[in-house]
Amino acid sequence: MTILIIEDEKKLSDILKKTLKGERYSVDTAYDGEEGLVKARKNTYELIILDIMLPKKDGVAVCKELRSSNIHTPIIMLTSNENTKDKINSLDVGADDCMIKPFDIQELFARIRAILRRRKTTDSDVWKIEDLVLDRIKHEVTRSGKYINLTPKEYKILNMLLTHKGEAISREKLIANVWTPEFKESNNELNVHIRYLRTKIDRKGDKPLVHTVRGVGFMMKD
């Protein structure tokens, strides 16, 4: 389970990251609103911890843009303001909770657990096409009810294609989403992973779902 921390106070960010890792969460960090927005749009997170007072773009604007982009990842906002204005603004733009600094780490963990417990499986958590199902909560893929074992990169590729089904996704966008920015495709690695993915989800007798769009990249369609 991966959590994104968007917090410009590096000391607090480091403490949160260290303690969350101790609770067996994977953690990504961003130190300004623009960087956080890019990461939240590019990657899949189970929860976002988002400070309100951020450089470049404040947390309320980040939350508003994420919700406008149909990204419904649970968000806990952080604020140093003790009055209720920040909390009201946070909830009004779609945040799930708001905590006032300084706060008790154990209370934050309790709120994280509560949000994840009450979070119901929604259309944004389960993606389907034909008889193929990707469940983000369980982090598993099935076809015709049969479990498909994917590598982390294969899962990321499938998630990207499936959440944009019917759209042609460029090779560049897939590479940016799955690999690091330093990745160079000289060894045709993307093609290799697409081929392996196809052998797993488009097995003999199954209707092909992953299609090549010449000159662009790939598309998932029924």
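Quick notes on this structure:
- Hits in region 143-188 (condition: over 19 Å from Met220 (Cα atoms) and modelled with pLDDT under 85): Trp179, Thr180, Pro181, Glu182, Phe183, Lys184, Glu185, Ser186, Asn187, Asn188
- Checking Asp28 against (1) more than 14 Å from the chain's Cα centre (by Cα); (2) under 29 Å from His139 (Cβ atoms); (3) among the acidic types (Asp, Glu), the condition it does not meet: (1)
- Checked against the criterion of being within 18 Å of Asp28 (Cβ to Cβ), more than 17 Å from the chain's Cα centre (by Cα) and surrounded by fewer than 19 Cβ atoms within 10 Å (Cβ to Cβ), region 62-76 has no qualifying residue.
- Residue match in region 189-198 (condition: touching a Ser or Thr at 6+ places or on another chain (Cβ under 7 Å) and either over 26 Å from Glu46 (Cα atoms) or modelled with pLDDT under 90 (or both)): no
- Breaking point among (1) open to solvent by less than 60 Å² (accessible area, probe 1.4 Å); (2) touching a residue at least 24 places away in the same chain (Cβ under 8 Å), for Ser13: (2)
- For region 208-219, the candidate set comprises residues that are of a type in the set (A, V, I, L, M) and over 19 Å from Asn149 (Cα atoms); within that set, the residue that is most open to solvent (accessible area, probe 1.4 Å) is Val216.
- Any hit, region 90-98, residues being touching a Gly at 6+ places or on another chain (Cβ under 8 Å), surrounded by 14 or more Cβ atoms within 10 Å (Cβ to Cβ), of a type in the set (Gly, Ala, Ser) and in contact (Cβ under 8 Å) with a residue 40 or more places away in the chain: no
- Considering only residues in region 16-36 that are open to solvent by 10 Å² or more (accessible area, probe 1.4 Å) and not charged (D, E, K, R), the one that is nearest to Arg113 (Cα to Cα) turns out to be Tyr25.
- Reported count of residues in region 103-122, each being out of contact with any strand residue (DSSP E or B) (no Cβ under 8 Å at 6 or more places or on another chain), touching a residue at least 12 places away in the same chain (Cβ under 8 Å), under 19 Å from Ile5 (Cα atoms) and not in a helix (DSSP H, G or I), is 0.
- Any hit, region 197-207, residues being open to solvent by less than 70 Å² (accessible area, probe 1.4 Å), of a type outside the set (A, V, I, L, M), more than 26 Å from Ser69 (Cβ to Cβ) and assigned to a helix (DSSP H, G or I): yes
The values are calculated or read from the model by the stated rules, or taken from the named source; none is laboratory data. Remember, it's a predicted structure, so these values are computed and weren't measured experimentally. Reconstructed Cβ throughout: ideal geometry from the backbone, glycine too, with neighbour counts over all protein chains shown. All accessible areas refer to the heavy atoms of the entire protein, side chains included, with ligands and DNA or RNA removed. Shrake-Rupley method; radii C 1.70, N 1.55, O 1.52, S 1.80 Å.
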